[in-house]
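Accompanying notes for the structure given below.
The values are calculated or read from the model by the stated rules, or taken from the named source; none is laboratory data. These numbers come from a predicted model, not from an experiment. Note that each Cβ is placed from the backbone with ideal geometry, even for glycine, and that neighbours are counted across all protein chains shown.
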Amino acid sequence: MGLINQLNATTDYYWLNIEPVDILNRASALLWKLMGNALIKDNWEVKPHETVDGGLMVKVPLEYQNSNSGSYGATTVINQSKVDIIDAARFGWAGIYGSNTLNLDDMTQNAGAEAIIDLTKKYMQSIIKAARIKMATDIIAAAATADNINGLGDLFNTNTAVAYGAITEAAMPNWKANVITDSEAIGFDILQKIFRAPNMGDFKDMLPDFIVTTPTLKDGYERSLHPQQRYTDTKAVEAGWDNITHKGAPIVADAGLTAGNLYALNTNFLSLRSHKDYNFTAPKWVSKEVLGQPDVITADTRWRGNLYCSNRKMQVLHTNLTEPV
């Protein structure tokens, strides 16, 4: 090891800020919405009434067919055949963890007045953040393994033979992935088209209530409107999310999305729920003494649950969108 020179040996550093700045991770508007808590509250737990007790899988009942009906007159014979009208989507257990470890050097050198930044505290915060960032990625993607969340990539899989919630579209036509693939520039007319895709009527609860897209497409939609047409959702703004609304539904940018994609979601039929005992477990430092490393400590947080959908065709994905000219 060479000399560190006179100035380095005799002069301390000036610390501009002892709070490390996160230059890696991006905030997720979609996760904020699905978790039901604002980023500024630093509360990412699923709401208490949305926890799940247990079971082999979580069933979501679906009314997928209507009973018999027909015209009625003096000579009509009423159809008395039995029609099954109820089935259930079944979602398995997915999981996420965050973890980290401190060794002997960390604990002996990062101590006392010389410890400008408390590593044990920052590692604990990073463990929780890492799990949250992993969840933000997983809710957009398709499940890579049986342990991954069934994210939007699964919900919008258009292969009719591939099961979503243990049901294929081929077996239940109304369990349909709504995907629009037309190549077109985003604008008010395109959002109208997207809102018509569920085709379940104009009742407010049957229309998308949260739209997430890329920053480029969000800005493009905003430019397509006249200034007097530009409105924002105050709840999202208060939580720190810039947005522009379409028919009252906030359009929020999420940097984690694929270019050209816009998700128009109806959160009345979409929820992120956790197991009651694995709702981001509190990290605790544990010694690895039993493994022969008494001065190495590790901590983790664990979450188990899934993203559940009770009406698949209420959710709409539009791919191949571009900015308006």
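Among the listed residues 98, 92, which satisfies the condition of being modelled with pLDDT of 85 or more, surrounded by 10 or more Cβ atoms within 10 Å (Cβ to Cβ) and touching a Ser or Thr at 6+ places or on another chain (Cβ under 7 Å)?
Of 98, 92, the one residue that is modelled with pLDDT of 85 or more, surrounded by 10 or more Cβ atoms within 10 Å (Cβ to Cβ) and touching a Ser or Thr at 6+ places or on another chain (Cβ under 7 Å) is 98.
Of the residues that make up the stretch 271-281, is at least one out of contact with any His (no Cβ under 6 Å at 6 or more places or on another chain), surrounded by fewer than 15 Cβ atoms within 10 Å (Cβ to Cβ), part of a loop (DSSP other than H, G, I, E, B) and touching a residue at least 60 places away in the same chain (Cβ under 8 Å)?
Looking for residues that are out of contact with any His (no Cβ under 6 Å at 6 or more places or on another chain), surrounded by fewer than 15 Cβ atoms within 10 Å (Cβ to Cβ), part of a loop (DSSP other than H, G, I, E, B) and touching a residue at least 60 places away in the same chain (Cβ under 8 Å), one finds none in the stretch 271-281, hence no.
List, please: which pairs have Cβ atoms under 9 Å, are six or more places apart or on different chains, and start with a residue in the stretch 214-232 that is under 25 Å from residue 320 (Cα atoms) and end with one that is surrounded by fewer than 14 Cβ atoms within 10 Å (Cβ to Cβ) and among the hydroxyl-bearing types (Ser, Thr, Tyr)?
Between residues of the stretch 214-232 that are under 25 Å from residue 320 (Cα atoms) and residues that are surrounded by fewer than 14 Cβ atoms within 10 Å (Cβ to Cβ) and among the hydroxyl-bearing types (Ser, Thr, Tyr), the close pairs are 214/258.
Regarding residue 288, is this residue within 30 Å of residue 108 (Cβ to Cβ) and in contact with a Pro (Cβ under 8 Å, 6 or more places away or on another chain)?
Judged against the criteria, residue 288 is a match.
In the list 280, 269, which residue meets the criterion of being at positive phi and touching a strand residue (DSSP E or B) at 6+ places or on another chain (Cβ under 8 Å)?
280
Do you know which residues across the stretch 153-175 are surrounded by 14 or more Cβ atoms within 10 Å (Cβ to Cβ) and in contact with a helix residue (DSSP H, G or I) (Cβ under 7 Å, 6 or more places away or on another chain)?
Hits for the stretch 153-175 are 155, 164, 175.
What are the residues in the stretch 74-110 that are closer than 19 Å to residue 286 by Cβ, assigned to a loop (DSSP other than H, G, I, E, B) and out of contact with any strand residue (DSSP E or B) (no Cβ under 7 Å at 6 or more places or on another chain), if any?
Within the stretch 74-110, 110 is the sole residue that qualifies.
Looking at residue 70 and the list (1) loosely packed, with under 10 Cβ neighbours inside 10 Å; (2) modelled with pLDDT under 85, which single condition is not satisfied?
Answer for residue 70: the failing condition is (2).
Return the residues of the stretch 127-152 that are of a type in the set (D, E, K, R) and either on the phi > 0 side of the Ramachandran plot or over 9 Å from the mean Cα position of the chain (by Cα) (or both); say none if nothing qualifies.
129, 132, 134, 147
If residue 294 satisfies every condition in (1) assigned to a loop (DSSP other than H, G, I, E, B); (2) loosely packed, with under 14 Cβ neighbours inside 10 Å but one, which is the exception?
Just one mismatch for residue 294, condition (1).
May I ask you to list the residues in the stretch 258-270 that are assigned to a loop (DSSP other than H, G, I, E, B), buried (at least 19 other Cβ atoms within 10 Å of the Cβ) and out of contact with any helix residue (DSSP H, G or I) (no Cβ under 7 Å at 6 or more places or on another chain)?
261
Please find, within the stretch 114-145, the residue that is farthest from residue 28 (Cα to Cα) out of those that are hydroxyl-bearing (Ser, Thr, Tyr) and modelled with pLDDT under 90.
So, considering only residues that are hydroxyl-bearing (Ser, Thr, Tyr) and modelled with pLDDT under 90, the one farthest from residue 28 (Cα to Cα) is 120.
Considering only residues that are loosely packed, with under 13 Cβ neighbours inside 10 Å and within 24 Å of the chain's Cα centre (by Cα), which ones fall in the stretch 197-232?
Selection gives 204, 205.
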